[in-house]
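Notes for the one structure printed next.
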Amino acid sequence: MALKIIDYGTVEYYQMVKMREEILRKPLSISFAEGELEKDRNNIMIGAFDDEQMLGCCMLVQENPSTVRLRQMAVLNDLQGKGIGQALTLFAENIARDHGYKIMSMHARKVVVGFFEKMGYKVKSDEFIEITIPHVVMEKEL
């Protein structure tokens with residue numbers, strides 16, 4: 001498995017958009033709003049690949065000069081639990097450190113809180129609803 005930063009507008013970027021749409025959006029009956037993907041241009045996008053096939057993805061979005069937010073993490077459904085999400089998260093943490101960030105935060109779906117707790121993240125908020133799903137804010141000092 002290869003982990004790499006994805007450039008906006010490339011073939012790999014459009015693979016990432018498709019994965020986010022299929023795994024994160026379609027199950028909730030939502031899709032990307034017009035112009036929404038334009039914001040990706042300013043984010044650090046990361047993919048996990050087996051040759052040309054994308055296995056998983058995530059992105060980093062600056063919240064402030066010291067905090068970056070992990071967003072849009074997705075792993076192919078039949079490969080979940082195989083270490084891809086962990087590898088993506090560790091790679092993202094290293095990139096965030098390299099960019100000078102001190103804290104990684106996220107709005108984690110409640111179903112993945114245990115996964116991120118095992119990786120050292122702490123719940124920092126009460127439960128809230130985002131895109132119709134229960135979430136909590138989680139953070140980790142880098």
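From 81, 120, grab the single residue that is in contact with a strand residue (DSSP E or B) (Cβ under 7 Å, 6 or more places away or on another chain) and either part of a loop (DSSP other than H, G, I, E, B) or aromatic (Phe, Trp, Tyr) (or both). Let's see the steps before the verdict.
Details: 81 fails: in contact with a strand residue (DSSP E or B) (Cβ under 7 Å, 6 or more places away or on another chain).
Matching residue, one of 81, 120: 120.
Would the range 62-75 turn up any residue that is in contact (Cβ under 8 Å) with a residue 60 or more places away in the chain, in contact with a Cys (Cβ under 9 Å, 6 or more places away or on another chain), surrounded by 15 or more Cβ atoms within 10 Å (Cβ to Cβ) and not aromatic (Phe, Trp, Tyr)?
No, the range 62-75 contains no residue that is in contact (Cβ under 8 Å) with a residue 60 or more places away in the chain, in contact with a Cys (Cβ under 9 Å, 6 or more places away or on another chain), surrounded by 15 or more Cβ atoms within 10 Å (Cβ to Cβ) and not aromatic (Phe, Trp, Tyr).
Just name the residue that is nearest to residue 89 (Cα to Cα) out of those in the range 1-30 that are within 17 Å of the chain's Cα centre (by Cα) and not in a helix (DSSP H, G or I).
This residue is 3.
Can you tell me which residue within the range 95-138, out of those that are farther than 16 Å from residue 71 by Cα and of a type in the set (Asp, Glu), is surrounded by the most Cβ atoms within 10 Å (Cβ to Cβ)?
117
In the range 86-117, what count of residues is obtained for those that are assigned to a helix (DSSP H, G or I), among the aliphatic types (A, V, I, L, M) and within 25 Å of residue 25 (Cβ to Cβ)?
Taking the range 86-117 as the starting set, the residues that turn out to be assigned to a helix (DSSP H, G or I) are 86-98, 110-117.
If we keep only those that are among the aliphatic types (A, V, I, L, M) too, we end up with 87-88, 90, 92, 95-96, 111-113.
Retained after the next criterion (residues that are within 25 Å of residue 25 (Cβ to Cβ)): 87-88, 92, 95-96, 111-113.
Qualifying residue count, the range 86-117: 8.
Among what's in the range 2-39 and is of a type in the set (Phe, Trp, Tyr) and closer than 23 Å to residue 99 by Cβ, pick the residue that is surrounded by the most Cβ atoms within 10 Å (Cβ to Cβ).
So the first thing to find is which residues in the range 2-39 are of a type in the set (Phe, Trp, Tyr), and the list is 8, 13-14, 32.
Then keep just the ones that are closer than 23 Å to residue 99 by Cβ; that gives 8, 13.
On the way: 8: 13, 13: 18.
The selected residue is 13.
Cβ contacts < 7 Å: first residue more than 15 Å from residue 59 (Cβ to Cβ), restricted to the range 77-92; second residue not hydrophobic (A, V, I, L, M, F, W, C), any location; separation 6+ or different chain. Result?
84/56
Any read-out appearing in this document is the output of simple, stated calculations on the displayed coordinates, not a laboratory observation. The model shown is predicted, which means the values in this text are computed figures rather than measured ones. Glycine gets a Cβ as well: all are built from the backbone with ideal geometry, and neighbour counts include every protein chain shown.
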